[in-house]
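Chemist: Quick one: structure below, then a few questions.
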Amino acid sequence: MPSHRSSTTRERMLDAALEVMRSRGVARATTKEIAREAGFSEAALYKHFDDKTALFVAVLVERVPSRLGEVLDRLPERVGTAAVEDVLAEVAGEALAFYRETFPLGASLFSEPTVFAAHRAALDRLGTGPHVAVDAVASYLAAEGDAGRVDAAVAPRAAALLLLGACQMTAFLEAFTDGPRPSPDDDAATAADLARAAARSLVR
């Protein structure tokens, strides 16, 4: 059994879930395997998590090294303050980090239709999913449009999809080519480039 730095049962389960999901993908990782990796029974795992999807969401929130959720939550207070391009660059930087970590975890879901349908239904029950980031950025851009800082002719959701879609495609290409991991400076430059491209079509 691997050693774990985390001390509580729940934390050890999250550590084990991340290890198993990274090696097998979410679709093929089982709660039994995760519990065994953590050194507990499957019944013990279900005392902390309702199902595998709840465990996966907890892994995303508590183990994936990204501040994306925090940045998205702060978008309403950024309206009318910092330059739109700067805000989008911050979003893009965190989105790159998030998608890079989560794409390999979740990609296997698409190869298992039954598992994917159950996972999607569970995300709906939890009130979360990949649309959350798009909705947050679209709402921010709509508010900036109302403030007269973004061209009202540009559809906010389309712009959000373009920015976040580019971040996700960047992560996909990195995973596909299996090249060296970009440095923080590389990520910052990519995020700035994507934000600049988006802002030039948005800002008046």
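Chemist: Among GLY93, GLY129, GLY145, which one shows the highest mean-square fluctuation when the chain is modelled as a Gaussian network with alpha-carbon springs under 10 Å?
Modeler: Between GLY93, GLY129, GLY145, it is GLY129 that shows the largest mean-square fluctuation.
Chemist: If a/c stays under 1.5 just call it rounded; otherwise compare a/b with b/c (prolate if a/b is bigger, oblate if not). Do that for region 152-192, with a ≥ b ≥ c from the square roots of the Cα gyration tensor eigenvalues.
Modeler: In terms of gyration-tensor shape, oblate.
Chemist: Full extension from PHE110 to ALA197: what is 0.36 nm times the residue separation minus their Cα-Cα distance, to one decimal in nm?
Modeler: Gain on extension, PHE110 to ALA197, equals 28.3 nm.
Chemist: Classify the chain from the C-alpha gyration tensor, please: rounded if a/c falls under 1.5, else prolate or oblate depending on whether a/b exceeds b/c.
Modeler: The shape class here is prolate.
Chemist: Quick check: with the 1.4 Å probe, what order do MET169, MET13 take by accessible area, largest first?
Modeler: Per-residue accessible area, sorted high to low, gives MET169, MET13.
Chemist: Then there is this: Taking a probe of 1.4 angstrom, what is the accessible area of PHE110 in Å², to the nearest 10?
Modeler: Approximately 150 Å² of PHE110 is accessible to the 1.4 Å probe.
Chemist: Region 25-87 to region 157-204: how many Å between their Cα centroids?
Modeler: Each part reduced to its Cα centre gives a spacing of 22 Å.
Chemist: Check ASP151: other-chain or 5+ apart residues with amide H under 5 Å from its amide H, H built from backbone geometry?
Modeler: Excluding prolines and chain starts, which carry no amide H, the hits are VAL203, ARG204.
Chemist: With every protein chain present, what is the per residue accessible area of region 75-127 (1.4 Å probe, Å²)?
Modeler: About 48 Å² of surface per residue is accessible.
Chemist: With +1 on each Lys and Arg Cβ and -1 on each Asp and Glu Cβ, how big is the dipole of the chain about its Cα centre, in debye rounded to the nearest 20?
Modeler: In debye, rounded to 20, the chain gives about 480.
Chemist: Measure off, as a whole percent, the carbon and sulfur share of the 1.4 Å-probe accessible area of the chain, all protein chains present.
Modeler: Exposed carbon and sulfur together represent 55 percent of the surface.
Chemist: When the solvent-accessible surface of protein heavy atoms is calculated with a 1.4 angstrom probe, in what order do THR53, THR8, THR81, THR114 fall, highest first?
Modeler: THR114, THR81, THR8, THR53
Chemist: I'd like the accessible area for SER201, computed on protein heavy atoms only with a 1.4 Å probe and all protein chains in place. Round to 10 Å², please.
Modeler: Ignoring ligands and nucleic acids, SER201 comes out at about 70 Å².
Chemist: If you don't mind, there's one more thing I want to ask. Between ALA43 and ASP186, what length comes free when the chain is fully extended (0.36 nm per residue of separation minus the Cα-Cα distance, one decimal in nm)?
Modeler: Net length gain for the segment: 47.1 nm.
Chemist: Is the C-alpha gyration tensor of region 107-204 telling us rounded, prolate or oblate? Criteria: a/c under 1.5 is rounded; beyond that, a/b larger than b/c is prolate, otherwise oblate.
Modeler: Oblate, because a/c is 1.5 or more while a/b does not exceed b/c.
The values are calculated or read from the model by the stated rules, or taken from the named source; none is laboratory data. Keep in mind that this is a model prediction, so the values were computed, not measured. Heads up, the Cβs are rebuilt from the backbone with ideal geometry, glycines too, and the neighbour counts pull from every protein chain shown. The area values use the complete protein model at the heavy-atom level, side chains included, leaving out ligands, DNA and RNA. Shrake-Rupley method; radii C 1.70, N 1.55, O 1.52, S 1.80 Å.
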